[in-house]
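Visitor: Structure provided below as structure tokens; questions to follow.
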4 protein chains.
Amino acid sequence: MTRKLKSRLGRSTADQIFVRGHDLTEELIGKVSLGDFAFLELMDRLPAPPESVMFNALAVTLVEHGLTPSTIAARLTYFGAPEALQAAVAAGLLGMGDRFGGSIEQAARMLQEAPAGGDRREVARDIVAGYRARKEVIPGLGHPIHKSADPRTTRLFALAAENGFSGPYVRLIELIAQKAAAVYGRDLPVNATGAIGAIASEMGISWRITRGIAVMARAIGLVAHVQEEMEDPMAAEIWSRSEEEASK
Amino acid sequence: MTRKLKSRLGRSTADQIFVRGHDLTEELIGKVSLGDFAFLELMDRLPAPPESVMFNALAVTLVEHGLTPSTIAARLTYFGAPEALQAAVAAGLLGMGDRFGGSIEQAARMLQEAPAGGDRREVARDIVAGYRARKEVIPGLGHPIHKSADPRTTRLFALAAENGFSGPYVRLIELIAQKAAAVYGRDLPVNATGAIGAIASEMGISWRITRGIAVMARAIGLVAHVQEEMEDPMAAEIWSRSEEEASK
Amino acid sequence: MTRKLKSRLGRSTADQIFVRGHDLTEELIGKVSLGDFAFLELMDRLPAPPESVMFNALAVTLVEHGLTPSTIAARLTYFGAPEALQAAVAAGLLGMGDRFGGSIEQAARMLQEAPAGGDRREVARDIVAGYRARKEVIPGLGHPIHKSADPRTTRLFALAAENGFSGPYVRLIELIAQKAAAVYGRDLPVNATGAIGAIASEMGISWRITRGIAVMARAIGLVAHVQEEMEDPMAAEIWSRSEEEASK
Amino acid sequence: MTRKLKSRLGRSTADQIFVRGHDLTEELIGKVSLGDFAFLELMDRLPAPPESVMFNALAVTLVEHGLTPSTIAARLTYFGAPEALQAAVAAGLLGMGDRFGGSIEQAARMLQEAPAGGDRREVARDIVAGYRARKEVIPGLGHPIHKSADPRTTRLFALAAENGFSGPYVRLIELIAQKAAAVYGRDLPVNATGAIGAIASEMGISWRITRGIAVMARAIGLVAHVQEEMEDPMAAEIWSRSEEEASK
């Protein structure tokens, strides 16, 4: 038996390069934006215009969050290994795990694995009760700074409505947030990761790859942070502050 | 003395998030594509339309190259650590160093550090002579598969001409390629990394960050490869082939 | 309130460096071996002689497994980024996750979370029944090559007996293996990861850090593979085999 | 043509595992310490007793430096991705580059590439003059905290003398330090990385792999830092301090 191992993502001949079946030079370079190309890579087809607006919006939301554990780790790594920009970006990406990128994944999974049909309020109630019984945090709700409403969620849900992606998953996470607020007695608005998880679900993106949207977006932000670290170094100061006496 | 450490890239208040001085929810989400947002992150301003076309084209060229050392490393890592998609992507990025992403950087550096003015043919000749004397490979020239012309270069240089980025750096690398072909007695066309290094130079991007364009683009491709590995695993077969007898 | 953030692992003054409270130059360098120093780092005290023999044996077992997904990923990364040996080692370590290093952790967790007391045969029976009901693989049992007995397990269990670490955890995993063999109708011997998980439990090492023993040991092996890749490169051949037609 | 790709480091059959030609279970587990096993991996033979003392001493010196950019990056990564201990360790290793582990490599390279023979004082003088002319820092000299003498160097050089490794490389770096102090007009003692680079050179270790000794040693320290972060989390505090107002 003979088998040629090959990726369906890309292949090349002496004269042509194909990505997802499209001729890279004839059909893609100069014609398709980076965000649409990312959609093509993941979904095996180019996006329709509303999909393009929505997918780019999800990714744009995730690129840049200022100084975070992820960007600080990248800066500290660049400080120690200035020969390898790619290693500093990789170090930053390594922190996009269960606590950060993972909350999108967990929110999308919660929605995609929810029982279909039935009274959606009851489904939401059961989901909240389940997390409470397991003493687990409900993914995609609440934010340490944006207490009453996450401005990104408001914007993303408005865009979803405009572009035809405000369907059952968006509805369900809103019901979960309402129920959670009632049960826990405090504001627990849908945060940006919950909104992204819900809208990605509307777009047919499997929860298994939603963390990847955060990873690809954040790689852009991390490159920018390494560039800023080259021009305006902060790593030594961050290191020094970690050890000094601090008034709290 | 009091100083607040802060990145100029992003900051947030209770109600607003700013990226490079723009209100993220009001001005960017839903209005700016991922590629243009990457330009904003790196260049501290949104791109003009020709800049948008050109920057997205450079990045799109770098996303996907099929099964390469970088994507194979990501697949093998996912095989061992399926709990952490971000680690598989990071492992793939770690190989985007001097040999791969680095050739863009080296080509851009060669062009940006070339002497200004004078007869450009003489400048090209001196550069080729310098690499030859140091027994170093001239970055951005030649390709193992695309012997006579890299189709991506042809396309990128045409786009550069259409969008106003076919200036002195593009001219210089073409002169270097001509001179190198004459000196070494074989075709040494400008390859995609040389074209990207030259055009990035035309766009005012420092050579120090050009490797980062490859890194951010390839992060997208690596997420897609991890998704494919989830659905159509190849890692065990790659491992097995590494050890078996092979007819060559 | 004032607090000095500091690690209890190490600190330095102008004249002295302390590790876990020991003066590095006076008490450790030249007096303590690398393996014993690792024990000190993890356990906050130097090992007694039997602990030293046992801990070094566990780590030694995990250093080198030849060409594996982890070492192949390191070689491919070094091929792309020869400027950063540390990145190649890191890429290899990233694959020491749930499937590889993780099986030690899972075996140790299974043993450390098992109910205390009672008839140990019944405890083993219940554990096997639990994994079977959840359709999960029992960690630490079976091996694709070493079908009937893993030679490392035989050796490690003999050493454990000689050094006073053949206690209830070793007994329990042996009972689990016997029960599993009966239930599944095939040989399922305790493999090296199961033996290490059991012996680490005997030594008082929390299951949460057992994966770390594999990580520290494998870092040594990965450095050696990068050295071999420098001297006898295989990465290009591994890449090439991944793409070619293969007879199977 | 037929070729079997295989590493000379390790291979296994159904009954036996070999590392560098030694039967792992019969000859190594329980008989060889982790540090000696690392020597075997790198040098293709087990160490003689003085080699064992010296090699373990070099590695022990490099394991633990308290809170550094590398260990902080690992802690921040663990904070974001608690599912993958190996990724936190890898993130920490990524910073062991040109600035940290690299100084050992650069010192060893300087010594191993120095001209043989002649008046060693003149060789040292020429080396110092060369670095000065290129405006480069001489690797292996000086330390921000240990101004007049690095206590680790004193100890390592004493051990080297006791064990027969105080030869021409140790002599040369001491001459370089004397000459540099005279030329720059300030104390520039051989620091720990310089001492390690010199002694590794005495032991026949190629400068190309000396950075790897730091990498393997630091992997141990990073596992211990992740363990401490599990038990006594500091990452959130480090993040918070990075952003707050600080009195300096």
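The values are calculated or read from the model by the stated rules, or taken from the named source; none is laboratory data. Keep in mind that what you see is a predicted model, and the values were worked out from it rather than measured. Every residue, glycine among them, receives a Cβ derived from its backbone with ideal geometry; neighbour counts consider all protein chains shown. Just the protein is used for accessible areas: all its heavy atoms, side chains included, with ligands, DNA and RNA removed. Shrake-Rupley method; radii C 1.70, N 1.55, O 1.52, S 1.80 Å.
Visitor: Among (1) open to solvent by less than 30 Å² (accessible area, probe 1.4 Å); (2) basic (K, R); (3) within 20 Å of B:L58 (Cα to Cα), there is one condition A:R11 misses while meeting the rest; what is its number?
Guide: It is condition (1) that A:R11 fails.
Visitor: Let me ask something else. State which residue pairs qualify: first residue acidic (D, E) and inside region A:166-183, second residue open to solvent by less than 10 Å² (accessible area, probe 1.4 Å) and not in a loop (DSSP other than H, G, I, E, B) in any location, beta carbons under 9 Å apart, and separation of 6 or more residues or different chains.
Guide: So the pair list comes out as A:E174/A:A124; A:E174/A:A198.
Visitor: Moving to a separate point now. Suppose we keep only residues that are closer than 25 Å to B:S240 by Cα and among the small types (G, A, S) within region C:129-181. Which one would you say is most open to solvent (accessible area, probe 1.4 Å)?
Guide: Ranking the qualifying residues of region C:129-181, first place goes to C:S148.
Visitor: Taking the conditions exactly as written (of a type outside the set (D, E) and either open to solvent by 20 Å² or more (accessible area, probe 1.4 Å) or touching a residue at least 60 places away in the same chain (Cβ under 8 Å) (or both)), does C:G102 satisfy them or not?
Guide: yes
Visitor: Only one of B:E174, B:E237 is in a helix (DSSP H, G or I), at pLDDT 95 or above and acidic (D, E); which?
Guide: None of the others qualify; the one that does is B:E174.
Visitor: In the list A:L76, A:L159, which residue meets the criterion of being within 14 Å of chain D (Cβ to nearest Cβ) and touching a residue at least 60 places away in the same chain (Cβ under 8 Å)? Break it down into steps so the answer makes sense when it comes.
Guide: Details: A:L159 fails: within 14 Å of chain D (Cβ to nearest Cβ).
When all the criteria are applied, what remains is A:L76.
Visitor: Being hydrophobic (A, V, I, L, M, F, W, C) and under 16 Å from the mean Cα position of the chain (by Cα) is the filter here, so list the residues in region B:52-84 that pass it.
Guide: Within region B:52-84, B:V53, B:M54, B:F55, B:A57, B:L58, B:A59, B:V60, B:L62, B:V63 qualify.
Visitor: Okay, moving on. Here are some conditions: (1) more than 7 Å from every other protein chain (Cβ to nearest Cβ); (2) open to solvent by 10 Å² or more (accessible area, probe 1.4 Å); (3) at negative phi. D:F55 meets all but one. Which one does it not meet?
Guide: The failed condition is (2).
Visitor: Limited to region B:184-202, what total is found for residues that are β-branched (V, I, T), open to solvent by 10 Å² or more (accessible area, probe 1.4 Å) and either within 25 Å of B:D44 (Cα to Cα) or at pLDDT below 95 (or both)?
Guide: Summing the residues that are β-branched (V, I, T), open to solvent by 10 Å² or more (accessible area, probe 1.4 Å) and either within 25 Å of B:D44 (Cα to Cα) or at pLDDT below 95 (or both) in region B:184-202 gives 1.
Visitor: In region A:23-49, what residues are open to solvent by less than 50 Å² (accessible area, probe 1.4 Å) and more than 10 Å from chain B (Cβ to nearest Cβ)?
Guide: Hits for region A:23-49 are A:P47, A:A48.
Visitor: Right, something else. Can you confirm whether B:D126 is surrounded by 13 or more Cβ atoms within 10 Å (Cβ to Cβ), among the acidic types (D, E) and over 25 Å from A:E83 (Cβ atoms)?
Guide: Details: surrounded by 13 or more Cβ atoms within 10 Å (Cβ to Cβ): yes; among the acidic types (D, E): yes; over 25 Å from A:E83 (Cβ atoms): yes.
Taking the combined requirement at face value, the residue satisfies it.
Visitor: Sticking with this structure for a sec: When you go through C:I205, C:I213 one by one, which is the residue that is in a loop (DSSP other than H, G, I, E, B), more than 7 Å from chain D (Cβ to nearest Cβ) and either farther than 13 Å from C:V89 by Cα or at pLDDT below 95 (or both)?
Guide: Numbers: C:I213 fails: in a loop (DSSP other than H, G, I, E, B).
Testing whether each residue is in a loop (DSSP other than H, G, I, E, B), more than 7 Å from chain D (Cβ to nearest Cβ) and either farther than 13 Å from C:V89 by Cα or at pLDDT below 95 (or both) leaves just C:I205.
Visitor: Of all the residues that make up region D:216-234, how many are open to solvent by less than 10 Å² (accessible area, probe 1.4 Å) and at pLDDT below 95?
Guide: Result for region D:216-234: 1.
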